[in-house]
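Supplied in structure tokens, the structure appears directly below.
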Amino acid sequence: MNLHLAENGIDFVFFDGDVYLTGKRDPFTDMLPLSNKTWDIQFQPDHGTPADPANDFNIGWYFARSNTAVIEY
């Protein structure tokens, strides 16, 4: 479905079905705004530990632009 959206010119936000918003923290505050044209796809940080910075990459929540780079990804 994500590929279909991108191929049809639709920018989108994807999040897993187990993601829930509590109102305590806005998940978009850690991400660049849609108005910033410097990114193609960006993942929400997962707030990993300094000992394991690779844990700071959350594939369960991301913004994607409809462009060639995202479609190829």
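The values are calculated or read from the model by the stated rules, or taken from the named source; none is laboratory data. Since we're looking at a predicted model, the values are computed, not measured. Backbone-built Cβ (ideal geometry, glycine too); neighbour counts: all protein chains shown. Heavy atoms of the whole protein, side chains included, go into the accessibility calculation; ligands, DNA and RNA do not. Shrake-Rupley method; radii C 1.70, N 1.55, O 1.52, S 1.80 Å.
Scanning the range 54-73 for residues that are within 21 Å of V19 (Cα to Cα) and in a helix (DSSP H, G or I), which turns out modelled with the highest pLDDT?
D56
From the residues in the range 1-51 that are under 22 Å from A69 (Cα atoms) and polar (S, T, N, Q), which one is most open to solvent (accessible area, probe 1.4 Å)?
Out of the qualifying residues, it is T38.
Could I ask something else about it? Assess whether G17 counts as being assigned to a loop (DSSP other than H, G, I, E, B) and at pLDDT below 75.
Answer is no for this residue.
List the pairs whose first member sits in the range 19-41 and is over 17 Å from F57 (Cα atoms), whose second member is surrounded by 12 or more Cβ atoms within 10 Å (Cβ to Cβ) and at pLDDT below 80, and whose Cβ atoms are under 9 Å apart, counting only residues at least 6 apart or on separate chains?
Qualifying pairs under 9 Å: L21/P27.
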